[in-house]
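The values are calculated or read from the model by the stated rules, or taken from the named source; none is laboratory data. Nothing here was measured: the structure is a model prediction, and the numbers come from that model. No Cβ is skipped: glycine too gets one built from the backbone with ideal geometry, and neighbour counts run over all protein chains shown.
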């Protein structure tokens, strides 16, 4: 075997020292940046833990008058969601649970336009209505999902429990 020869001359001692110094500077800069990140994160966590997280100011703007007509409508709509969920638990299947849930909503949610109209002029009213509407959608999903689970559990109990 013949050794391969390089066309470049070997690095001088000055070049090696400069490269070593550059690597040290880059490493120190990286460590300083990491240390700043860790210190900043720790400071933020301590502030949150010691002083408690405060709600952003925007949440105050989203609040509605608790005695106003919008709040009354939204309370009735939220109560209808609770009522629908309570009724849906007795369903024998997913589809029946969804129908029972929607039936439980019917008296109040059939007049949802009145709630929209009452909440539209109030600051934060549209956001408040959207929150109650998301509650309705979540209730629908829960009733659909748990209706079948409860039905199968009821069948299991009926199979082992004599009448």
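Does residue 117 fit the bill of being in contact with a helix residue (DSSP H, G or I) (Cβ under 7 Å, 6 or more places away or on another chain), at pLDDT 90 or above and under 22 Å from residue 135 (Cβ atoms)?
no
State whether the residues of the range 90-101 include one that is closer than 20 Å to residue 75 by Cα and either without any contact (Cβ under 8 Å) to a residue 24 or more places away in the chain or surrounded by 15 or more Cβ atoms within 10 Å (Cβ to Cβ) (or both). Yes, the conditions are met somewhere in the range 90-101. Summed over the range 108-126, the residues that are surrounded by 17 or more Cβ atoms within 10 Å (Cβ to Cβ) and in a helix (DSSP H, G or I) give a count of 7.
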